[in-house]
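The values are calculated or read from the model by the stated rules, or taken from the named source; none is laboratory data. This is a predicted model, so every value here is computed, not measured. Quick reminder, even Gly has a Cβ in these numbers, built from the backbone with ideal geometry, and neighbours come from all protein chains shown.
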Amino acid sequence: MTLRHFLSLDDLGADGIHRIIDNAIALKRKPPRQAPLAGRTLAMLFEKASTRTRVSFEAGMAQLGGHALFLSPQDTQIGRGEPVEDTARVLSRMVDVVMIRNHSHETLERFAAYSSVPVINGLTDRLHPCQVLADLQTFKEHRGDIAGRTVAWIGDGNNMCHSYLLAARLLDFDLRIATPEGYGPNPQILKTCGERAVICDDASHAADGADLVLTDVWASMGDEDDREVRLADFANYQVNKALMSWAKDDALFMHCLPAHRGEEVSAEVIDGPNSVVWDEAENRLHAQKALLLDLLAAH
């Protein structure tokens with residue numbers, strides 16, 4: 001059997017992304033009657049805490065008949081200095097798939113290189129591909145194919161922004177990015193996107209005529225020490241009613257959550273008629289189930 005990891009959207013490619021989204025929508029409409037993952041075990045390694053990532057993977061495995069193990073840094077020998085490579089060798093002899101949510105993308109890649117079972121990126125400081133799968137599913141449910149559409153990213157050029165850059169290149173939509181000076185996306189990742197990505201000089205330029213407007217918290221996990229500085233730097237990048245007025249009348253608003261109303265997004269936007277954040281959050285469950293079935297079917 002072929003071993004496949006999901007460390008970035010590039011691991012699926014355009015066809016694979018479409019397959020996962022279509023299967024996620026089908027699972028949402030009609031859950032399987034049987035237990036396709038009966039006897040299968042998912043190990044979840046969390047260096048960074050999460051509500052949606054843990055619950056969606058754990059509930060997803062349960063709904064598919066499998067079992068999930070939650071492992072914090074205190075629950076593994078990695079936290080006591082065991083080499084990542086050794087942990088990967090051992091865990092992959094005991095479980096069927098591993099999900100890792102940690103800071104370093106390099107550590108994730110090292111783990112995958114020594115794992116004999118599929119490894120899933122639950123989030124790193126570089127990419128957050130599972131969230132983007134759920135976002136793409138949500139867009140398709142509400143507006144159809146994202147190809148040829150315009151997407152506006154407002155705020156920090158972080159791991160979500162990086163994953164959208166990959167998605168734009170793979171799925172042929174235009175991505176406009178507006179960030180404060182010094183908070184732009186990784187230049188190397190931006191370069192791979194080619195003409196599909198444009199850096200805008202202000203938020204209204206990015207949102208102008210957009211089909212989808214996205215943002216994220218201004219101070220991600222690990223940035224808390226710079227919170228006050230970031231609040232000042234991002235003051236002109238709030239997604240509010242005035243900014244949404246630049247987008248199309250039926251433009252969707254998404255946020256990967258948790259959100260801070262009054263900071264990166266106003267309450268009237270996130271709780272308003274254009275917001276699909278609750279569908280987006282729910283779809284983490286369905287997209288994750290589709291991903292697990294896809295990876296384990298090949299292994």
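Computed quantities for the displayed model
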item: Residue that is nearest to the chain's Cα centre (by Cα), among those in region 211-259 that are surrounded by 21 or more Cβ atoms within 10 Å (Cβ to Cβ) and hydroxyl-bearing (Ser, Thr, Tyr); result: Thr215
item: Residue under evaluation Arg33, criteria (1) outside any loop (DSSP other than H, G, I, E, B); (2) loosely packed, with under 14 Cβ neighbours inside 10 Å, criterion not met; result: (1)
item: Set Leu133, Leu171: member being of a type outside the set (S, T, N, Q), crowded, with 24+ Cβ neighbours inside 10 Å, at pLDDT 95 or above and in contact with a helix residue (DSSP H, G or I) (Cβ under 8 Å, 6 or more places away or on another chain); result: Leu133
item: Count - residues of region 81-125 that are touching a residue at least 24 places away in the same chain (Cβ under 8 Å) and either not assigned by TED's automatic domain parsing to the domain that holds Arg54 or not in a helix (DSSP H, G or I) (or both); result: 22
item: Every pair of residues 6+ apart whose Cβ atoms lie under 8 Å, when the first sits in region 189-213 and is assigned by TED's automatic domain parsing to the domain that holds Thr138 while the second is part of a helix (DSSP H, G or I) and surrounded by fewer than 15 Cβ atoms within 10 Å (Cβ to Cβ); result: Asp202/Asn236; Ala203/Asn236
item: Cross-chain or 6+ apart pairs with Cβ under 9 Å, region 238-258 first and free of Cβ contacts under 8 Å to residues at least 12 places away in the same chain, then buried (at least 21 other Cβ atoms within 10 Å of the Cβ); result: Ser245/Ala207
item: Looking only at region 260-299, and only at residues there that are of a type in the set (Val, Ile, Thr) and touching a Ser or Thr at 6+ places or on another chain (Cβ under 7 Å), the one that is nearest to Ala59 (Cα to Cα); result: Val276
item: Failed criterion for Gly39 (all others in (1) part of a loop (DSSP other than H, G, I, E, B); (2) at pLDDT below 95; (3) more than 18 Å from Cys130 (Cα to Cα) hold); result: (2)
item: Qualifying residue in region 114-125 (condition: buried (at least 20 other Cβ atoms within 10 Å of the Cβ) and aromatic (Phe, Trp, Tyr)); result: no
item: Selection within region 77-89 - among the β-branched types (Val, Ile, Thr) and in contact with an Asp or Glu (Cβ under 9 Å, 6 or more places away or on another chain); result: Ile78
item: Condition met for Thr179 (among the β-branched types (Val, Ile, Thr), more than 20 Å from Asp233 (Cα to Cα), out of contact with any Lys or Arg (no Cβ under 9 Å at 6 or more places or on another chain) and surrounded by 22 or more Cβ atoms within 10 Å (Cβ to Cβ)); result: no
item: Cβ pairs under 9 Å, 6+ apart, first in region 31-58 and at positive phi, second charged (D, E, K, R); result: Gly39/Asp96
item: Test: residue in region 269-287 that is part of a helix (DSSP H, G or I) and basic (Lys, Arg); result: yes
item: Count of residues meeting criterion [at pLDDT below 95 and either within 26 Å of His255 (Cβ to Cβ) or assigned to a loop (DSSP other than H, G, I, E, B) (or both)] in region 52-80; result: 2
item: Residue selected from region 214-226 under the condition without any contact (Cβ under 8 Å) to a residue 24 or more places away in the chain and not in a helix (DSSP H, G or I), by the criterion farthest from Val269 (Cα to Cα); result: Asp223
